[in-house]
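Peer 1: Sharing a structure with you now.
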Amino acid sequence: MEKREKFSSRLGFILISAGCAIGLGNVWRFPYITGAYGGGTFVLMYLFFLLILGLPIVVMEFAVGRGSQKSSAMSFNVLEPKGSKWHIFRYFTMAGNFLLMMFYTTIAGWMLAYFFKMLTGTFEGADTKQVELIYGQLTSNRNEMLFWMILICVIALLICSLGLEKGVEKITKWMMTSLFLILLILVIRAVTLPGAGAGLEFYLKPDLGKIQEAGVSEAVFAAMGQSFFTLSVGAGSLAIFGSYIGKERSLAGEAVSITLLDTCVAVMAGLIIFPACFAFGVNPGQGPGLVFVTLPNVFREMPGGRLWGSLFFLFMTFAALSTVIAVFQNIIQYALDLWGWELKKSVLVNGILLILLSVPCVLGLTDWSGFTVAGKNIMDLEDFIVSNNLLPLGSVVYLLFCVSRYGWGWDNFIQEANAGKGLKFPVCKAVRFYLTFILPLIILGIFIQGYWSMIVG
């Protein structure tokens, strides 16, 4: 078994963990649902739920990882009471990470494809209909999608093969720094567009009337869901990075830093999208098509649009690739922890497996497009299994493991979470009661709401 690697710096840990949390949902889903549920008021609700829902579970995942010094493949084995069966959960975390990559690599491939299309001037001279056709051609071309999906996988695997410090940490630090720099440049450009003020007002000015129009309960569930899912908790993807760090810093402070970075990206994405859409008279509440159809049309109209569009899709590629690298690292570490494989063997075997398992998603959009389950194609089905099942149920497992005397237990969790300098996790009885009895019910409510929306929607 190879010696377990560690992060070389605190910054590396924070940026990589943030890279795992920051994904495409920050960019297309957050602005979309903010637009759908009335702007500023929704943002305030989202921030509130982020604090009370997502943040505690981030701390718990980190604590389980650091306390065990293992990935979720073995962390429960190390920490669970003798004779208990918490370790069975590892099969669900492993399945969750594989399932996530089975469709996420395809979408990440689209981002890389759009970066090159924008860079090479594919959208120049195209009208609105032709922009739509470019997206349709990409998502119906099996070979093109396979090429970009495999390229994303190969890039991520090559980075992971260099090891934690020299590969994943070093490259992700550079990539995340570039991501924030590009994001800042795009925000400055968007807010200085003529007519951008109306978009900023819509985005930042609280409007209770919009909430009532959309439906208060719908808006609340949307804010809860977004705050919960944005941090990618429940699948052990964050726990792995906790296992690579020492006890110099308390985990609540680190979790806050990562949550702030994740939120910063989501909010800044809105500062790009809303001013740009309002400046050119485009509806910002148009779902995932916002990224692939609406925004290319905006960049087409914008002076220097080819440059700004290229930068935007480079940012999107970095956001997607950071998640792919983080989850690949988790999957690769499974084999190291479970079977003591060498790094190269784990990268090769898991790499081939990940590429092969990602193929059905591409085929589900092309050759197998007629195949559906409950009206969902393969991509939507994989997304639903992960987002609406494995993540919320996995979060409940982490939660109960940390608070229950039948698991790791509250005292052990608090001792691990609060070890080191920095912000401490609150230990009062009210917080413990909330985490033990109320938060699991809220998460189960989000779980049930996912199915309810599917049935009625």
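Peer 1: Give the range 434-444 a look and list any residue that's farther than 16 Å from V233 by Cα and surrounded by 12 or more Cβ atoms within 10 Å (Cβ to Cβ), or say none.
Peer 2: The answer is Y434, T436.
Peer 1: Same structure, new question: Going by the conditions given, is I258 part of a helix (DSSP H, G or I) and within 23 Å of F328 (Cβ to Cβ)? Even if it seems obvious, please write down each step before you answer.
Peer 2: Working: part of a helix (DSSP H, G or I): yes; within 23 Å of F328 (Cβ to Cβ): yes.
The answer is yes for I258.
Peer 1: Count, please, the residues in the range 102-137 that happen to be without any contact (Cβ under 8 Å) to a residue 60 or more places away in the chain, buried (at least 18 other Cβ atoms within 10 Å of the Cβ) and among the hydrophobic types (A, V, I, L, M, F, W, C).
Peer 2: Total meeting the criteria: 1.
Peer 1: Continuing with this model, one more query. List the number of the failed condition for G23; all other conditions in (1) of a type in the set (G, A, S); (2) within 21 Å of M224 (Cα to Cα); (3) in contact with a Cys (Cβ under 7 Å, 6 or more places away or on another chain) hold.
Peer 2: Unmet condition: (3).
Peer 1: Looking at (1) over 25 Å from I245 (Cβ atoms); (2) more than 22 Å from the chain's Cα centre (by Cα); (3) surrounded by 15 or more Cβ atoms within 10 Å (Cβ to Cβ), which is the one condition that is false for F384?
Peer 2: Unmet condition: (2).
Peer 1: Restricting to the range 363-379, name every residue that is under 14 Å from Y451 (Cβ atoms) and not aliphatic (A, V, I, L, M).
Peer 2: G375, K376
Peer 1: Oh, and also: When only residues in the range 54-101 that are of a type in the set (K, R) and surrounded by fewer than 20 Cβ atoms within 10 Å (Cβ to Cβ) count, which is farthest from the chain's Cα centre (by Cα)?
Peer 2: Taking the range 54-101 first, the residues of a type in the set (K, R) are 66, 70, 82, 85, 90.
Narrowing further to those that are surrounded by fewer than 20 Cβ atoms within 10 Å (Cβ to Cβ): 82, 85.
Details: K82: 34, K85: 29 Å.
Among residues in the range 54-101 that are of a type in the set (K, R) and surrounded by fewer than 20 Cβ atoms within 10 Å (Cβ to Cβ), the one farthest from the chain's Cα centre (by Cα) is K82.
Peer 1: Being without any contact (Cβ under 8 Å) to a residue 60 or more places away in the chain and not in a loop (DSSP other than H, G, I, E, B) is the filter here; which residues of the range 414-433 pass it? Full working, then the answer.
Peer 2: Of the range 414-433, the ones without any contact (Cβ under 8 Å) to a residue 60 or more places away in the chain are 414-415, 426-433.
Residues satisfying the conditions are I414, Q415, K429, A430, V431, R432, F433.
Values in this text are rule-based calculations from the coordinates and carry no lab data. Here the structure is a predicted model, which means the values were calculated and not measured. No Cβ is skipped: glycine too gets one built from the backbone with ideal geometry, and neighbour counts run over all protein chains shown.
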